[in-house]
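For reference, the structure is listed below as structure tokens.
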Amino acid sequence: MRHFLTLKEFTKEEILEMIDLGLRIKAETKAKRFTPYLEKQTLAMIFEKSSTRTRVSFETGIYQLGGTGLFLSSRDIQLGRGEPMKDTARVISRMCDMVMIRTYSQKKLEEFAGFSNVPVINGLTDEYHPVQLMADYMTMIEHGKDRDPVVAYVGDGNNMAHSWLMLASKLGFELRVATPKGYECDPEIVEDAVEFAKRSGATLLFTDDPKDAIEGADVVTTDTWVSMGDEEEKEKRLRDFAGYTIDEALMKLAKADAIFLHCLPAYRGLEVTEEVLEGPQSVVFDEAENRLHAQKGVMVWLDGKRDEV
Ligand code: CP
Ligand code: NVA
């Protein structure tokens with residue numbers, strides 16, 4: 001049994017296999033063929049933070065695969081009243097076939113996984129957002145940006161930046177990360193990525209200048225400056241991130257056919273301008289849709305059904 005927690009735990013081949021499965025199931029879905037690869041299975045979805053895309057994509061995804069999703073907000077289950085993670089994990093994993101969790105610390109997620117009898121999927125923690133990166137890479141493939149791409153991530157050294165580091169260092173492409181001083185990526189995660197990069201041949205560049213990151217890039221991406229849990233720091237963050245807005249002038253430094261990605265929700269006028277988000281290079285809604293398809297690939301793979309697709 002495997003869990004899907006950070007991307008660290010997978011090889012390049014396994015990551016590409018899951019994305020390929022997602023693409024094949026996407027083609028079936030587009031042809032209105034819904035093969036019940038996960039017939040009668042239940043996916044428990046525990047949310048300790050808000051969500052639009054993650055909830056809708058997992059719930060729709062498991063339904064289209066022949067199963068059912070259980071939306072469990074921590075406000076409604078006993079976890080929110082102090083029942084320990086390890087008890088919740090043992091109860092839910094005796095009744096359900098797979099669990100997706102969106103929570104705060106990665107440690108909490110990993111504690112759950114340690115006590116679970118069924119595969120656990122990270123639906124976002126403070127440290128990582130790996131399912132998002134599966135959709136992002138699927139979108140890169142579909143837009144022809146998967147051959148030796150140069151990706152520029154500009155913004156907060158947060159869960160999205162960390163997951164880009166994992167994906168690039170596992171798959172072996174060039175990632176340039178521009179963060180303001182004080183908002184750099186977690187040094188331990190950088191250390192892991194540097195180790196993986198040695199093996200995969202990935203190039204990782206860290207800078208505090210968005211221009212250095214974006215110059216000649218194939219993919220430009222960013223994320224909110226105020227992640228869930230950072231709300232109290234909002235005013236300070238908006239001041240500290242001045243100059244990091246992806247606008248048309250910055251996009252002009254990338255390759256002429258570069259694409260713009262954003263996991264969404266986006267805050268127009270802060271991390272990205274309206275013109276870029278709604279402009280011809282933006283593929284953010286393809287990316288959002290791919291959450292559905294990429295996660296089906298992940299779920300079918302974790303269930304061991306990859307040979308049936
Ligand atoms: N990108 C993403 O995970 O969106 P939600 O917070 O809406 O799930
Ligand atoms: N970094 C953001 C991503 C939201 C999908 C957050 O954690 O709130």
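Worth a mention:
One line per residue, one yes/no per condition, for (1) within 30 Å of residue 172 (Cβ to Cβ); (2) modelled with pLDDT of 95 or more:
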{"residue": "9", "(1), (2)": "yes, yes"}
{"residue": "20", "(1), (2)": "yes, yes"}
{"residue": "36", "(1), (2)": "no, yes"}
{"residue": "40", "(1), (2)": "no, yes"}
{"residue": "66", "(1), (2)": "no, yes"}
{"residue": "79", "(1), (2)": "no, no"}
{"residue": "96", "(1), (2)": "no, yes"}
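- Looking only at the range 8-56, and only at residues there that are polar (S, T, N, Q) and closer than 18 Å to residue 129 by Cα, the one that is farthest from ligand 2 (Cβ to nearest atom): 11
- Here the condition is being away from ligand 1 (no atom under 16 Å from the Cβ) and more than 30 Å from residue 147 (Cβ to Cβ); of 49, 8, 12, 108, it holds for 108 alone.
- Only residues that are among the acidic types (Asp, Glu) and open to solvent by 70 Å² or more (accessible area, probe 1.4 Å) were counted in the range 168-206, giving 4.
- Qualifying residue in the range 243-250 (condition: among the aromatic types (Phe, Trp, Tyr) and within 16 Å of ligand 1 (Cβ to nearest atom)): no
- Any pair with Cβ under 7 angstrom, 6 or more apart, that starts in the range 150-167 at a residue that is free of Cβ contacts under 8 Å to residues at least 24 places away in the same chain and assigned to a strand (DSSP E or B) and ends at one that is hydroxyl-bearing (Ser, Thr, Tyr) and away from ligand 1 (no atom under 14 Å from the Cβ): none
- Note on the range 172-252: enclosed strands (runs of 3 or more DSSP E) holding 1 or more residues that are of a type in the set (S, T, N, Q) are 203-207, 219-222.
- Qualifying residues in the range 258-309 (those that are basic (Lys, Arg) and surrounded by 20 or more Cβ atoms within 10 Å (Cβ to Cβ)) - the one farthest from ligand 2 (Cβ to nearest atom): 296
- In the condition set (1) open to solvent by less than 60 Å² (accessible area, probe 1.4 Å); (2) over 27 Å from residue 196 (Cβ atoms); (3) not aliphatic (A, V, I, L, M), residue 32 is compliant with all but (1).
- The residues of the range 105-158 that are open to solvent by less than 20 Å² (accessible area, probe 1.4 Å), within 11 Å of ligand 2 (Cβ to nearest atom) and among the acidic types (Asp, Glu) amount to a single one, 156.
- Among residues of the range 113-139, those that are in contact (Cβ under 8 Å) with a residue 40 or more places away in the chain, away from ligand 1 (no atom under 16 Å from the Cβ) and not in a loop (DSSP other than H, G, I, E, B), counted: 2
- Filtered by the rule that a residue be assigned to a loop (DSSP other than H, G, I, E, B) and within 17 Å of residue 286 (Cβ to Cβ), the range 140-149 gives 143, 144, 145, 146, 149.
- Sub-8 Å Cβ pairs linking a first residue in the range 30-56 that is closer than 17 Å to residue 80 by Cα to a second residue that is among the hydroxyl-bearing types (Ser, Thr, Tyr) and at pLDDT below 95, at least 6 apart or interchain, are 46/74; 47/74; 48/74, ordered by first then second residue.
- Cβ-Cβ under 9 Å pairs, at least 6 apart or on other chains, the range 253-279 side among the acidic types (Asp, Glu) and part of a helix (DSSP H, G or I), far side open to solvent by less than 20 Å² (accessible area, probe 1.4 Å) and away from ligand 1 (no atom under 16 Å from the Cβ): 275/251
- Considering (1) within 16 Å of ligand 2 (Cβ to nearest atom); (2) of a type in the set (A, V, I, L, M); (3) open to solvent by 40 Å² or more (accessible area, probe 1.4 Å), the lone condition that residue 70 does not fulfil carries the number (1).
The values are calculated or read from the model by the stated rules, or taken from the named source; none is laboratory data. None of the values given here were measured: they were computed from a predicted structure. Because the Cβ atoms are built from the backbone with ideal geometry, glycine has one as well, and the counts that use them run over all protein chains shown. Heavy atoms of the whole protein, side chains included, go into the accessibility calculation; ligands, DNA and RNA do not. Shrake-Rupley method; radii C 1.70, N 1.55, O 1.52, S 1.80 Å.
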